[in-house]
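The values are calculated or read from the model by the stated rules, or taken from the named source; none is laboratory data. These numbers were taken from a predicted model, which means no experiment stands behind them. Here the Cβ positions follow ideal geometry from the backbone for every residue, glycine too, while neighbour counts run over all protein chains shown. In case anyone asks, the SASA skips ligands and DNA or RNA and just uses the protein heavy atoms, side chains included. Shrake-Rupley method; radii C 1.70, N 1.55, O 1.52, S 1.80 Å.
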Amino acid sequence: MRGDLVRKLIARCLTTGLAVVAFLVVALTGATGWGLALAVAALVAAGAERRVRPGADISAESVLLAAGILVGYARRLDGGFDPALALTALVLLGLVLLVGPLRDAGNLEIRAANLPVRTWTPLVAARLGGALLALLGVVAVAAALTLPALVALAAALLVAGACAAVGLDLARRRFRPTAGGGPVARALRAHQPEFLLYFSAPPGSEYQVTMWLPYLERLGRPFVVLLREPEFLPSIAAATSAPVVYCPTLKAMDEALVPSLRVAFYVNHGAKNSHCIRFSHLTHVQLHHGDSDKAPSANPVSAIFDRIFVAGPAAVERYARAGVEIPAEKFVVVGRPQVEAIEVRTEPATGLPHPTVLYTPTWTGHHADANYCSLPVAETLLRRLLDRGATVILRAHPYTSQNPASARQLARLTELLAADRTRTGRQHLWGAAASRELSLVDCVNRADALVSDVSGVISDFLYSGKPYAVTDMGVDGDDFVARFPLAGSGYVLRRDMSNVDEVLTGLLDTDPLASARWQTRRRYLGDFPADSYADGFLDAARRELEPGWNPPVPRASQTGTRDDAAVFGTA
């Protein structure tokens, strides 16, 4: 989060500073060429700021730049009063005043993807700010090249025409709404979705949705993904064939929640979830986006949902341990379907000469009590792994770059791995190669062991039957396992790394906890047959969609015992 703040502050200073300097140079000096060059630089900075701060208000800077560019243009023409340039100035002034309100009005319009509807007006409205910056750039270039003012006027009128079309359509939507809602609502009624996946989160959180989309699609029922932030629309729409709808307002939600909907699924505890919870005719089901012993995994807000789907009995115990009282009938154990493709190791693999170790540091969290990040002490860990001949897969949390200190620490680790790969040829993986080109399941299947912070990655890795170590970054000491029971069948790595060699010996060489992991796996991931593991979730979701539907009784308990013996060699 601090990294975002720094980037936004730098972008703001560059845009404003360059705009002021450009205007002063043109207005107070004879260096018109330099002033126009600075104006173009300010426009580039403003475009960059819009990427960092999509809702940035740069009206004042736009006025300064337009005034500076027009003064410079008049000087370059040096032909007295030019009516075309005067008209250009008026059009630019109108655009500077109107683009912001039109963009804001467009942002209040519902948008959709994967639906047979045209929603061009809000899309064009969202791009008017960029079009204005591009127009000012064209006028600046025309001034620098001393082109006739008619060129600038023609460009300005073109953008003004787009603004007029957007404004008229937005006005029509406001003052003459069509019966039965807009085109998105009509298309959704035709689609007849039976459930929705509701999502609101900070940037970079798409993974919370994409991990569930394949399983929601396997339900074989029409559904819709409802978003509350516009930046998620392109990426999530590309990950599914289901309709994806962006609802910026409560009114837009009223339009999107068509009568055929019966169930709403959620993947986090975002504050805007309450906007959908208010629809009492729906059954509201919390899915979560992972299972871990982190404090947020026992959030009291879970109590507002009608159902809480959890991976295993350990999640129910976690709420009770945290003092969160939720009626037992709200919990439904469904397993963690995302692990079904993880390969289970049937034989212990210890003493490998060149093991592959997956290291997954988490991020620092929103608050100090949720900071489990081991990056500050990770260099010692990685050096010990390299000394043992290990190949390392470094897969950092998507939010890591939001903290400048974490970003620097991660960069240091990647330098260390790159240097070792050059020296030894071991194919370490990091960055995009470990987080985009490979899925988490791919990384787990490649690894012989895991080192992780307190996070949901451990629960997923647990399914493989392979050993894992957990970093204790707090001050819990002997109470660490009591607070984070999943660490009980793993090897606990102290914050000061004083036991790193002992832990790595257990993790990679002797693995004395191998036989204990099955019981932990059953508690955390449910007791479902391996060949139909995801059915635990699919059956539970179908029960919510069809309250009268009763699936076959699972063979979980008998199969679980046989799997236990096969995987760990225990009876």
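The stretch between Arg495 and Ser235 holds 89.9 nm of extra length on full extension. This uses 0.36 nm per residue minus the Cα-Cα distance.
Dipole magnitude for the chain: computed about the Cα centre from +1 point charges on Lys and Arg Cβ and -1 point charges on Asp and Glu Cβ, it is near 1480 debye. What the Cβ-Cβ distance of Ala405 and Arg174 gives, at R0 = 56 Å and to the nearest 0.05, is a FRET efficiency of 0.75.
Relative contact order of the chain, taken over Cα pairs closer than 8 Å and 6 or more residues apart, is 12 percent.
Which residues among segment 400-436 fall inside the zone where the amide N is under 17 Å from a point 7 Å beyond the Cα of Val6, along Cα→Cβ? Residues 400-414 fall inside that zone. Descending by average beta-carbon neighbour count within 10 Å, the peptides 108-116, 267-275 line up as 108-116, 267-275, the highest first.
Based on Cα contacts under 8 Å between residues 6+ apart, segment 300-387 shows a relative contact order of 20 percent. Close amide H partners of Ala396, meaning residues 5 or more places away or on another chain with modelled amide H under 5 Å apart, are Gly431. Taking every C-alpha pair closer than 8 Å and separated by at least 6 residues, the mean separation divided by the residue count of segment 45-129 gives a relative contact order of 25 percent. Rounded to the nearest Å, what's the spacing between the alpha carbon centres of segment 20-69 and segment 185-251? Just the number, please. So the two Cα centres are separated by 39 Å. Based on DSSP H segments of at least four residues, each scored -39500 (n - 2.57), the chain has a per-residue ellipticity at 222 nm of -15500 deg cm²/dmol. In the chain, the longest principal axis of the Cα atoms and the axis of helix 149-175 are about 60 degrees apart. Taking the Cβ-Cβ separation of Asn445 and Leu250 as r and a Förster radius of 30 Å, what is the calculated FRET efficiency to the nearest 0.05? Efficiency at R0 = 30 Å is approximately 0.10. Restricting segment 160-268 to GluC sites (Glu not before Pro) that sit in a DSSP loop and have at most 14 other Cβ atoms within 10 Å of their own Cβ leaves nothing. Among Lys251/Lys294; Lys8/Lys330; Lys294/Lys330; Lys272/Lys466, which pairs are too far apart, with a Cα-Cα distance over 32 Å? From the list (Lys251/Lys294; Lys8/Lys330; Lys294/Lys330; Lys272/Lys466), the Cα-Cα distance tops 32 Å for Lys251/Lys294; Lys8/Lys330; Lys272/Lys466.
Among the GluC sites (Glu not before Pro) in segment 336-416, those placed in a DSSP loop whose Cβ has at most 16 other Cβ atoms within 10 Å are Glu343.
Ordering 305-313, 151-159 by mean Cβ neighbour count within 10 Å, with the highest value first, yields 305-313, 151-159. Model label sites at Asp531 and Ser59, defined 7 Å from Cα along the beta-carbon direction, differ in position by 6.7 nm. Rolling a 1.4 Å probe over the heavy atoms of the protein chains gives the chain an accessible area of 44 Å² per residue. Considering only protein heavy atoms and a probe of 1.4 Å, how much of the accessible area of segment 57-203 is carbon and sulfur, as a whole percent? Reported share for carbon and sulfur atoms: 70 percent. How about segment 358-444: which trypsin sites (Lys or Arg not before Pro) there lie in a loop by DSSP and see at most 14 other Cβ atoms within 10 Å? Qualifying residues, ordered by number: Arg436.
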